[in-house]
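Enquirer: Got a structure here, written out as C-alpha cells. Questions coming.
The values are calculated or read from the model by the stated rules, or taken from the named source; none is laboratory data. This one's a predicted model, so the numbers in the text were calculated from it and none came from an experiment. Counting neighbours? That spans all protein chains shown, and the Cβs are built from the backbone with ideal geometry, glycine included. We work out accessible area using only protein heavy atoms, side chains counted, and drop any ligands, DNA or RNA first. Shrake-Rupley method; radii C 1.70, N 1.55, O 1.52, S 1.80 Å.
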Amino acid sequence: MHSAWLVVLTFCATVLAQSGSIEDYINSEAPISKANLLANIGPNGSRSSGAKAGLVIASPSTSDPDYLFTWTRDSALVFKSLIDQYTLSEDTSSSLRSSIDDYVAAQTVLQQLTNPSGTVSTGGLGEPKFNINLTTFTDGWGRPQRDGPGLRAIALITYANWLIDNSNASYVTNTLWPVIKLDLDYTAKYWNQSGFDLWEEVSSRSFFTTAAQHRSLRQGVTLASKIGQTSVISEYTTQANNLLCFLQSYWNPTDNYVTSNTGGGRSGKDANSVLASIHSFDASAGCDARTFQPCSDKALANHKVYVDAFRTIYSINNATADNKAVATGRYPEDVYYDGQPWYLATAAAAEQLYNALTVWTAQESLEVTSTSLAFFCQFSSSVQTGTYAASSSTFTTLTTAIKAYADGFILVNAKYTPADGSLAEQFHKDDGHPLSAKHLTWSYPATLTAFAARKGVVPAGWGAKDLAVPSVCESNLGPQVTMSFNLIASTVKNEKISIVGSIDALSNWSPDDAHTLKSSPYLLNYSIWNINLKIPASTRFEYKFIRKVNGTLTAWESDPNRSYETPAKGIKVLVQNWR
Ligand code: NOJ
Ligand code: NOJ
C-alpha cells in the first residue's frame, strides 16, 4: 500500500510538471525575460546598478557570487540577441536602437583600456571582464579569454550589415569598422594560442572559442569587401581557413562527441559544444557538419552524449525516461556551486533542436547517418540510416518526437522558474530551487533565442555554406621543438611501438591515432624504436609508449605517465627503456 502511494505521487508530480502548456510558459516568460534583460543594461536599466551606458552587468548580485561586472562574452551574446531582434524587425523601438549604439560606444572605450591581458595592441582585447564604470578590473582572474573579441565582432557585423542595407554605410565605415577591425585583428593574430574557456576555468583550446573566432573572421571578410577594406581580406581568409581546419580536430570519432577543451582533464562533454552549435547556426549551410550546424550528424550525436551526461548526476532528473528531456548543466564534472543545472544550458539543448527542425522542414528531408543514428534511435527504435523525405512517415515520426523532446527542455526550465519569471544562473539538482547569481543576464537571451528558434526565426547567415576544409591544415602552431623519442624494447613479429600523450601532437591519449615508431632488423634486431616529432615549445606534457600487434592495442607502459617539458627551442633526444 505504502509503495503504491509512492508510485502514484511520483506519477502525479511528473504529470503536473509537464502539464503546463509550453505556449503558456512562453507567453508569460517571453515578456518577462525581455524586461529583465533590459533591466540589466546601463544606464537606465532598473537593476543595472549604475553601470555606464551600453554596459551589460552579468547579474545584479554583489555577493555569493559577485557578478556586478561586465563580461565581454556575456555582453556580446546579449547584444547579438538584441541586434537580431532589431534587424529582424521584432523590436524596432528607438530605445533599443539607442541602446545598441550605447553598446558600440562603450565597447569602443573598453577596447582601449590597458589591462592585465595587455594593451589594445598587445593582447588586451582578451581581457574577460571590466568594472561597470568602464575601468579595468585588476584582480586575479582566468585570463585571457579569446572568445570575447570574436563574439563582439559577430554582434557588431550583424548590425553593420543591416545598416549598410538601410543606407547608413558611412556609420559602418567610420564608427563600427575600427572597432570590428581591432577584434578581428586580435582574433587573426592570437587564435592559435591557448586561453581560458568560456567557463573561465581551463586554459587550453576550446571548441566554443574556435567556432566563434572562425565565424567572426568569415563575416569580417564579407563585410570588409562590402565596404572596400580589402587590405585585411587575405590575412582573415588565411586564418579563417586555419580555424576551420582546427575546428575539425575536436571531434572524437570513437565516442561520437566534441571534446570541448584540449586541456583540463575532463570528459569534454560540455554545453560549450551545444552553445557553439547554436551560435554557428546558418540555415543556408543546411546540415553541414564542418561548421557543426545544429542538424548536422556530428552536432546531433554530440547533443545526445551531452544530455546523457546529466541524466544520473542530478536527482531532479532521476524519474525521467532515457529519451526524455532533462535539466543540463555546463559539464558533468562541474563543482562550481557544487555542480548544478543551468537555465542557459538547458535552453541551448532545446534551441539546437528547434534550429534543426527549421532546416529539415525547409529542405523537406532529414538524413540519418551512422554518426547520428544513436540520436535518432531515441525517438524510434527501428530507424535506420538513410534520407527521409518530408512526405515519409519516418520524417513525421522523428520530427514530431524531436519537437516534443525539444519542448521538454523548455518545460524543465519552466518547472524550475519561480512565479515571478526571474531566471538565476543555476537551479538546484535536488529540488530545482534557483541558485547562484540571481537575474543572470545571459539566462534571458538564452531563453528568448530558444523561444524564437521554436517559432522558426532564422537569424542572418554568416557564410557557412560550402566552406572547404583545407586538405592539409597549415601548421601555425607557434614555436616548435623537435623531440626525438627513442625506446629500447624487444618486440615480437607484427608488434610495433607507438607513442600517445596529453597534447595534440601526441594524439591526446587516443591510442587509435597514436604515432607509430620505426625500427629495423639492423637496430639490434628491432629493439630500438624511434620517432621524431614536432612538439610546441615550452610545453609540459605526459605520455606513454604502447604496444600494438597488427594494429591492435596490446599493452600500455606501467604507471605513472612519463612527463616532459619542452625547452623554448632546439632539438631534444630522449632514450628510454620500456616500462
Ligand atoms: C568564476 C567563474 O565565472 C566560473 O565560471 C567558475 O566556475 C568559477 N569562478 C570557479 O572557477
Ligand atoms: C560564469 C560563467 O561561467 C561565465 O561564462 C560567465 O561569463 C560569467 N559567469 C559571468 O556571467
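Enquirer: Under 13 Å Cα-Cα from K518, which aspartates and glutamates qualify once same-chain neighbours fewer than 8 residues away are excluded?
Expert: E495
Enquirer: Once the Cβ-Cβ distance between S28 and S527 is put in as r, and R0 is 45 Å, what FRET efficiency do you end up with, to the nearest 0.05?
Expert: 0.05
Enquirer: So if I place +1 on the C-beta of Lys and Arg and -1 on the C-beta of Asp and Glu, and nothing else carries charge, what would the dipole magnitude of the chain be about its Cα centre? I want it in debye, nearest 20.
Expert: Charge dipole, the chain, about its Cα centre: 1360 debye, nearest 20.
Enquirer: List the pair-distance distribution P(r) of the chain, using every Cα-Cα distance, as the percent of pairs falling in each 10 Å bin from 0 up to the bin containing the longest distance, rounded to whole percents.
Expert: Calculated P(r), rounded to whole percents: 3, 16, 26, 25, 17, 9, 3, 1, 0.
Enquirer: Suppose the chain between A460 and D420 were pulled fully straight at 0.36 nm per residue; how much longer would it get relative to their current alpha carbon spacing? Don't skip to the answer; put the middle values down first.
Expert: On the way: separation 40, 0.36 × 40 = 14.40 nm, distance 3.26 nm.
That pair, A460 and D420, stretches by 11.1 nm at full extension.
Enquirer: Shifting gears a bit: Are there trypsin sites (Lys or Arg not before Pro) in region 180-278 that DSSP marks as loop and that have at most 16 other Cβ atoms within 10 Å, and which are they?
Expert: Listed in order of number, the matching sites are R266.
Enquirer: What is the gain in length, in nm to one decimal, between A568 and A537 on full extension, counting 0.36 nm per residue of separation less the C-alpha to C-alpha distance?
Expert: Length gained, A568 through A537: 10.7 nm.
Enquirer: OK, next. So if R0 is 25 Å, what FRET efficiency would N323 and T385 give, r being the distance between their Cβ atoms, rounded to the nearest 0.05? Walk me through the intermediate numbers first.
Expert: Values: r = 19 Å, r/R0 = 0.75.
With a Förster radius of 25 Å, E is 0.85.
Enquirer: For region 269-475, give the magnitude of the charge dipole about the Cα centre (Cβ charges: +1 Lys/Arg, -1 Asp/Glu; no others), in debye to the nearest 20.
Expert: Details: 14 positive and 19 negative charges, 63 e Å.
Computed about the Cα centre, the dipole is about 300 debye.
Enquirer: Put a dot 7 Å past each Cα toward the Cβ at N133 and V492; how far apart are the dots in nm?
Expert: Each label point is offset 7 Å from its Cα along the Cβ direction, giving 7.5 nm.
Enquirer: Hey, if you put +1 on the Cβ of every Lys and Arg and -1 on every Asp and Glu Cβ in region 381-460, which of F395, T441, A453 ends up farthest toward the positive end of that dipole?
Expert: Comparing the listed Cα positions along the dipole, F395 ranks first.
Enquirer: Scanning the chain for helices, which whole DSSP H stretches are 15 Å or more long along the axis (Cα) and average -0.5 or more by Kyte-Doolittle?
Expert: 2-19, 22-39, 72-87, 94-112, 148-165, 177-190, 207-226, 233-248, 343-363, 393-415, 443-454
Enquirer: Work out the charge dipole of the chain with +1 on the Cβ of Lys and Arg and -1 on the Cβ of Asp and Glu about the Cα centre, then indicate which of N494, N323, S206 is farthest towards its positive end.
Expert: Going by the Cα projections, it comes out as N494.
Enquirer: With the contact rule set at Cα under 8 Å and sequence spacing of 6 or more, what percent relative contact order holds for region 269-475?
Expert: The normalised contact order for region 269-475 reaches 26 percent.
Enquirer: What would the Debye equation give as log₁₀ I(q)/I(0) for region 269-475 at q = 0.08, 0.10, 0.12, 0.19 Å⁻¹, counting only Cα atoms as equal point scatterers?
Expert: -0.27, -0.42, -0.60, -1.35
Enquirer: Rank these by accessible area, largest first, 1.4 Å probe: C245, C473.
Expert: Numbers: C245 5, C473 70 Å².
Sorted descending by solvent-accessible area, the residues read C473, C245.
Enquirer: Using heavy-atom solvent-accessible surface (probe 1.4 Å) with all chains present, what is the largest-first order of K455, K548?
Expert: From most accessible down to least: K455, K548.
Enquirer: Also: Simple spin-label model, 7 Å along Cα-to-Cβ: A468 to Q248 in nm?
Expert: Between A468 and Q248, the label points sit 1.2 nm apart.
Enquirer: Also, I was wondering about something else. Mind ranking I488, I22 by accessible surface for me, highest first, 1.4 Å probe?
Expert: I get I488, I22, largest accessible area first.
Enquirer: What size of dipole, in debye to the nearest 20, comes out for region 212-285 about its Cα centre when the only charges are +1 on Lys and Arg C-beta atoms and -1 on Asp and Glu C-beta atoms?
Expert: 100 debye
Enquirer: Stretched out fully, how many nm does the piece from S94 to S315 gain, at 0.36 nm a residue minus the Cα gap? Write out the running numbers ahead of the final one.
Expert: Values: separation 221, 0.36 × 221 = 79.56 nm, distance 4.58 nm.
Working it through step by step, the gained length comes to 75.0 nm.
Enquirer: For region 82-136, build the convex hull from the C-alpha positions and give me its volume per residue in Å³.
Expert: Dividing the Cα hull volume of region 82-136 by its residues yields 86 Å³.
Enquirer: So how far apart, in nm, are the two label points at S284 and N550 if each is 7 Å from Cα heading toward Cβ?
Expert: Result for the modelled spin labels: 5.2 nm.
Enquirer: Between their Cα atoms, which of K429/K544; K226/K465; K189/K438; K429/K465; K181/K438; K80/K269 are more than 28 Å away from each other?
Expert: K429/K544; K189/K438; K429/K465; K181/K438, as the Cα separations exceed 28 Å there.
Enquirer: Please give the per residue volume of the convex hull enclosing the alpha carbon atoms of region 480-577, rounded to a whole number of Å³. Before the final figure, lay out the partial values.
Expert: Working: hull volume 8.3 nm³, N = 98.
So the per-residue Cα hull volume is 84 Å³.
Enquirer: Ok, one more. In the chain, once you exclude exposed GluC sites (Glu not before Pro) (DSSP loop, at most 16 other Cβ within 10 angstrom), what's the longest stretch remaining? The partial results should precede the final answer.
Expert: Details: sites that count: E90, E200, E201, E333, E364, E474.
In short, 202-332.
Enquirer: To continue, here is another question. Calculate what fraction, in whole %, of the accessible area of region 40-249 sits on carbon and sulfur atoms when a 1.4 Å probe is rolled over the protein chains.
Expert: 48 percent
Enquirer: For region 174-275, build the convex hull from the C-alpha positions and give me its volume per residue in Å³.
Expert: Value for region 174-275: 100 Å³ per residue.
Enquirer: Here is a follow-up. Roughly what % antiparallel, to the nearest 5, for the DSSP beta bridges in the chain?
Expert: For the chain, the DSSP antiparallel bridge percentage is about 85.
Enquirer: Moving on to the next point. With every protein chain present, what is the per residue accessible area of region 480-577 (1.4 Å probe, Å²)?
Expert: Each residue of region 480-577 exposes 54 Å² on average to a 1.4 Å probe.
Enquirer: Taking 30 Å as R0, compute the FRET efficiency from the Cβ-Cβ separation of S520 and T482 and round it to 0.05. Provide the component values of the computation, followed by the final result.
Expert: Working: r = 21 Å, r/R0 = 0.69.
Calculated value: 0.90.
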